[in-house]
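Please treat every number below as a calculation from the coordinates, not as lab data. Note that the coordinates shown come from a computational prediction; the quantities given were computed from them, not determined experimentally. Backbone-built Cβ (ideal geometry, glycine too); neighbour counts: all protein chains shown.
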Amino acid sequence: DAEITQSPRHKITETGRQVTLACHQTWNHNNMFWYRQDLGHGLRLIHYSYGVQDTNKGEVSDGYSVSRSNTEDLPLTLESAASSQTSVYFCASSDRSSGTGLDYNEQFFGPGTRLTVL
Amino acid sequence: GESVGLHLPTLSVQEGDNSIINCAYSNSASDYFIWYKQESGKGPQFIIDIRSNMDKRQGQRVTVLLNKTVKHLSLQIAATQPGDSAVYFCAENGSDDYKLSFGAGTTVTVRA
């Protein structure tokens, strides 16, 4: 079955270190998204991509970067981790060629990565 | 700024009763809305969606109502079960891209 996976599921790092969170989907979706989830804020968009070599900033992109070299993967990099980036990170994908909703625009989410920056 | 939000952060409901979760949005250009359910330790899962040219849509035990006049969205869960305990998010999408904007979420707890 097609799926979306994230790794690692848990990560503890130190302030100033570079961290990369992996996201891999096997639906062949064009659209991929990264969110962070914090108490009281719901899901906030960090970066997104609508295809290979396409990347865009979301509402909370400072301190994060992404690259899209193939359809399946959108890794998220924290260039220099800060304590404020302690959060749960979710990757999602969508494509109007698949889905069960009205417009096939619903996003499918991965299981999340819990990141702690000490 | 424009945003999507939920009226209440928590909702406690007796097993077997109906649940109503509310969401207010302010972007009048939004034309597509989604409800997600997130169980503890998991990613959000799609429940049901609705377009702006609809007032109501029903799924299995769930109904979404859209009132464009007051920019209000609600999710009704019939005969709430313990497995319905989760955080519920509404999200909206404009017509010009694939991004979703999420509300803060409502935590539903089902009492036995």
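Observations on the model:
- For chain A, DSSP calls about 90 percent of its internal beta bridges antiparallel.
- Segment A:5-101, dipole about Cα centre (Lys/Arg Cβ +1, Asp/Glu Cβ -1), debye to the nearest 20: 140 debye
- Positive contributions from Lys and Arg (+1) and negative ones from Asp and Glu (-1), summed over other residues with Cβ under 12 Å from the Cβ of A:SER80, come out at -2.
- Segment B:66-79 - phi-based ³J(HN,Hα) in whole Hz, Karplus 6.51/-1.76/1.60, Gly and Pro as x: 10, 10, 6, 4, 10, 6, 10, 10, 9, 10, 10, 10, 8, 6
- Across the protein assembly as shown, the convex hull enclosing all Cα atoms gives 125 Å³ per residue.
- Diffusion constant of chain A at 25 °C, which comes from Stokes-Einstein with the Kirkwood Cα-pair radius and 0.890 mPa s, µm²/s: 172 µm²/s
- Relative contact order computed over chain B (Cα-Cα under 8 Å; 6+ residues apart), in percent: 38 percent
- Of the three principal axes defined by the Cα atoms of segment B:29-108, the extents in descending order read 36, 24, 19 Å.
- Extreme residue, positive dipole direction of the protein assembly as shown, given options A:TRP34, B:THR80, B:TYR36 (C-beta unit charges): B:THR80
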